[in-house]
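Below is one structure, written out as structure tokens, with a few remarks after it.
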Amino acid sequence: MFNRLLISKILGSLLLLEASFMALCVVVALIYSGSDLLPFVISLVITAVTGRALIRIGKEAPTTMNRRDSFIVVTLTWVMFSIFGSLPYLFGGFFGSLNPLHPEEAFTTTTNAFFETMSGFTTTGASLLNDVEAELDSHHAMLFWRSLSQWIGGLGIVFFTIAILPSMVGNTMKVFSAEATGPIRAKMHPRLSATAMRIWWVYLILTVGCGICYWIAGMDGFSAFNYAMTTTATGGFSIHNDSIAHFQSPSIEYIALIFQYLSGINFSMLFMIFTLRKWTSWREFKRNERSKWYNFYRNEEWRFYTIVVLACTFFIGAILIINNGYVMETAFRKAAFHVVSMMTTTGIFCDNVGAWPHITWMLLAILMFVGACSGSTTGGFKSSRALMILMVIRNEFVHMMHPRAVLPVRLNGKAMPSSMVHSLMAFFAIYILACLGTTGLMMTTGIDVTNSVVISLSCISNVGLPLTELGPEMTWSGMPIYIKWICTLLMLLGRLEIFNVLILFTSPFWKDN
């Protein structure tokens, strides 16, 4: 039915990769002489031993996989990474004890640790730590692990593996297709490992550039590195309770704004711009490099993303000037920051949004739903899909007047196949149903309407809003246990584009034919 040996081999290799990331945290703990050294050493040993055992089980496995195997591998990878990634939280006692004599407390501790880890890897950024500065004080390795988990999950765990371990498994395109976000799969080069490596270089350059800018703007080295990882991953985890607002620095807010915006662009397009060469004459520029800039400009998804950001920034900025008495620079800086933060699903704040007019809340919620470009580190519905939905609506109006007209949905000048349009509508329907269903379920537990909507939309869009910013006073840690598990599932569904996970629960998937 499916290749158990191959799946075991791949998961084992991935766990060894995760163990190497934990080794970095061990180094951080040694540098800062932190008390979280032992939890990471224990976690590293358990993860590495399990990885080696799985590799031994699958050592005789073939090197190719079918499409069914790829869906299983991707889903299990994210679950396994989150399970073993939660070990430092458990052994460090950050969410309570694991005393077997108190099974209810142990289960709550395990739930909280898994929630925090899944929130990290999926770049959701919803944290159960209500006071990060107090609860993780002097635990530099744990703070680093939270930021690193978001950076790893930014472009995808499997995508990262394809870049550094291209020979680990054959048919990597199938694996990538099961993890990729948005309709970008057809644009990838046949040598996917080479493309993945180039895109990860762009990601690394953005991260390093962001960290240097933060450091120049006044952050210390450790803070700059952590915020750089979570900013470019559009994750939102912070080492301070009030995140970027902690520094009260307009320059830092502008840096965060710029790098969040860049991280919301398709990384394949960014690579194209980063590879612009020097030219020796105007004729050579016109022939070679000018076309790259033109292709970047004519990309409809990027233009939609940029236009929406600019339009919403000016609208909210004007409201803040008129209603809240902000000066012009502050109004548009705060408006642009939160517009980009919501649309890139980073979910960080630099102002008291709860004091803003309610119309701005609704607009930010819509941006949170739409999301930025496909092929970026962001979550949400994706701008390309939103743009295609608008085209379908426009074509329907035209079709009412001209019933025999053939009106294809075009993106970047190319007609989208009808199968992609049907898939788009199905994805849109199940996205809405998942949000509504989760909202209704949360309301039955006594959670108010505002927080129910925010929680469900925040999890499936991988935003992770701090719940105290909007609506009645509430925190993620205050939710019932089973709601936390539902939210964890929503995070995974949102990160893996829903169908790639739900297909595992369908009967046709498990049939031999």
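Just a few scattered comments:
- Each Lys and Arg Cβ is given +1 and each Asp and Glu Cβ -1; about its Cα centre, the chain then shows a dipole of about 2860 debye.
- C-alpha center-to-center spacing [the range 100-140, the range 304-326] in angstrom: 36 Å
- The relative contact order of the chain, computed from alpha carbon pairs under 8 Å that lie at least 6 residues apart in sequence, is 16 percent.
- Sequence-ordered 3J(HN,Hα) estimates for the range 339-345 from the Karplus curve with 6.51, -1.76 and 1.60 and θ = phi - 60° stand at 4, 5, 4, 6, 6, 8, 6 Hz, glycine and proline given as x.
- Taking only protein heavy atoms and a 1.4 Å probe, the accessible area of the chain is 67% carbon and sulfur.
- Cα centroid separation, the range 1-71 to the range 386-405 (Å): 49 Å
- Computed helical MRE - 222 nm, the chain, DSSP H runs ≥ 4 contributing -39500 (n - 2.57), nearest 500: -20500 deg cm²/dmol
- Note that the range 98-111 has calculated 3J(HN,Hα) couplings of 10, 5, x, 6, 10, x, 5, 5, 5, 5, 4, 4, 5, 4 Hz, one per residue in order, obtained from phi through the Karplus relation 6.51 cos²θ - 1.76 cosθ + 1.60 (θ = phi - 60°); glycine and proline are x.
- Under 5 Å between amide hydrogens, built in the peptide plane, is the criterion, and for Met416 it picks out Val409, Arg410, Leu411 among residues at least 5 positions away or on other chains.
- Surface accessible to a 1.4 Å probe, per residue, for the residues of the chain, Å²: 43 Å²
- Leading residue at positive end of dipole, the chain (Cβ point charges), from Thr450, Ala245, Thr438: Thr438
- Global geometry of the chain, whether rounded, prolate or oblate, following the gyration tensor of its Cα atoms and the 1.5 cut on a/c: rounded
- Given 11 as the ceiling on other Cβ atoms within 10 Å, longest exposed-site-free region of the chain for GluC sites (Glu not before Pro) in DSSP loops: 61-472
- For peptides 37-47, 233-243, sequence by mean Cβ density within 10 Å, most packed first: 233-243, 37-47
The values are calculated or read from the model by the stated rules, or taken from the named source; none is laboratory data. As the structure is a computational prediction, the values presented were derived from the model and not from experiment. Counting neighbours? That spans all protein chains shown, and the Cβs are built from the backbone with ideal geometry, glycine included. For accessibility, only protein heavy atoms count, side chains too; no ligands or nucleic acids. Shrake-Rupley method; radii C 1.70, N 1.55, O 1.52, S 1.80 Å.
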